[in-house]
Amino acid sequence: MPFIYDETQIEWPEDGSEPAPPRASDFVYLPSPEFGGVKEPVQFSLDAPAEVAAPAPADEGTPPFVSGEPPRRSILDRLFRRWSPAASQQRRDRKFERQFHRAKLEHQRRSQLLLSTMIPPLRAAGARRAYCRYDGGNDEGFSWLDHYESERGNRIDLNVLAERLFEMNVHDRLRDAGFGLLTATSKDQKLAELRGFASGWLVDDWATRLFGGSFGTGEYSMFGAFWVDLETCTITDDPNAEPAVQNITIAE
């Protein structure tokens, strides 16, 4: 899926200086299954997300002891063996798991809300495809927009696209949808925030989906690019991506 340069094979200079950056020819393309990503093309939906239900309150049982005093167990606790240090830890673990699961569902809901709010107006503004790039290394992944295209393959200027989105009140829709980072009041500020959503938020969401839910790397550097078809709602990695990077160094 990405082009990979394995950093575990780097030979460090004996004088303690930094090794020379790799060349583009040192990177090897990995298909999605070998990298650990999902099968392509990655499909996404524009259906409006459902609200995440609040978890039912858990039975915390008898509280653990406080201030050095032993726990007070009721007759029922002793009879049914409902309290012990191990059981108390298990309840805490289950509570954490429920909270983690709910946070994951809420993240998925927000992601779906972003797509369902942004993609239809982008289509209405004339965008049919997006070409995005990514790079990273050592557990950090970065993505950014290269360009949007029309049905005929012409590139659409991001400022023009933001203006069209503004005319369709997309900024207000995002704010009403609960994206609280929207604080702009003037038109210029709102256009800047719309550019940020179209070139940042969406691209990060697409990259995360392409990489199977996470966007980190490891002991290697990587770069790549992908296409997003706004009509078919699919994401496809580009196996012929040029080595255009922003956050790693590639020797010429």
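Residue by residue, here is whether (1) within 19 Å of Leu191 (Cβ to Cβ); (2) open to solvent by 60 Å² or more (accessible area, probe 1.4 Å); (3) of a type in the set (Val, Ile, Thr) holds:
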| residue | (1), (2), (3) |
| --- | --- |
| Ala127 | yes, no, no |
| Cys132 | no, no, no |
| Gly137 | no, no, no |
| Phe142 | no, yes, no |
| His147 | yes, no, no |
| Val160 | yes, yes, yes |
| Leu174 | yes, no, no |
Can you find a residue in region 15-37 that is at pLDDT 75 or above, among the acidic types (Asp, Glu) and either open to solvent by 100 Å² or more (accessible area, probe 1.4 Å) or touching a Lys or Arg at 6+ places or on another chain (Cβ under 9 Å) (or both)?
yes
Pair list, Cβ < 7 Å and 6+ apart or interchain, from region 217-240 residues that are within 17 Å of Val42 (Cβ to Cβ) to residues that are in a loop (DSSP other than H, G, I, E, B) and among the polar types (S, T, N, Q):
Cys233/Ser45
Trp227 fails exactly one of the following numbered conditions: (1) in a helix (DSSP H, G or I); (2) modelled with pLDDT of 95 or more; (3) open to solvent by 60 Å² or more (accessible area, probe 1.4 Å). What is the number of that condition?
(1)
Are any residues in region 187-212 polar (S, T, N, Q) and open to solvent by less than 50 Å² (accessible area, probe 1.4 Å), and if so, which ones?
Ser199, Thr208
Does region 230-251 hold any residues that are under 17 Å from Gly212 (Cα atoms) and not in a loop (DSSP other than H, G, I, E, B), and which are they?
Thr234, Ile235, Thr236, Asp237
Take the conditions among the hydrophobic types (A, V, I, L, M, F, W, C), at pLDDT below 95, more than 30 Å from Tyr29 (Cβ to Cβ) and outside any helix (DSSP H, G or I) and apply them to Leu181. Does it pass?
yes
Taking the condition in contact with a Cys (Cβ under 6 Å, 6 or more places away or on another chain) and not β-branched (Val, Ile, Thr), does Leu145 pass?
yes
Pairs where the first residue, in region 113-128, is farther than 13 Å from Phe179 by Cβ and without any contact (Cβ under 8 Å) to a residue 60 or more places away in the chain and the second is open to solvent by 10 Å² or more (accessible area, probe 1.4 Å) and in a helix (DSSP H, G or I), C-beta under 7 Å, 6+ apart:
Ala125/Arg164
Mind checking whether some residue in region 118-136 is at pLDDT below 90, assigned to a loop (DSSP other than H, G, I, E, B) and out of contact with any Cys (no Cβ under 6 Å at 6 or more places or on another chain)?
no
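The values are calculated or read from the model by the stated rules, or taken from the named source; none is laboratory data. Bear in mind that the values here come from a model prediction, so they are computed numbers and not experimental data. Glycine also receives a Cβ, built like all others from the backbone with ideal geometry; neighbour counts cover every protein chain displayed. In case anyone asks, the SASA skips ligands and DNA or RNA and just uses the protein heavy atoms, side chains included. Shrake-Rupley method; radii C 1.70, N 1.55, O 1.52, S 1.80 Å.
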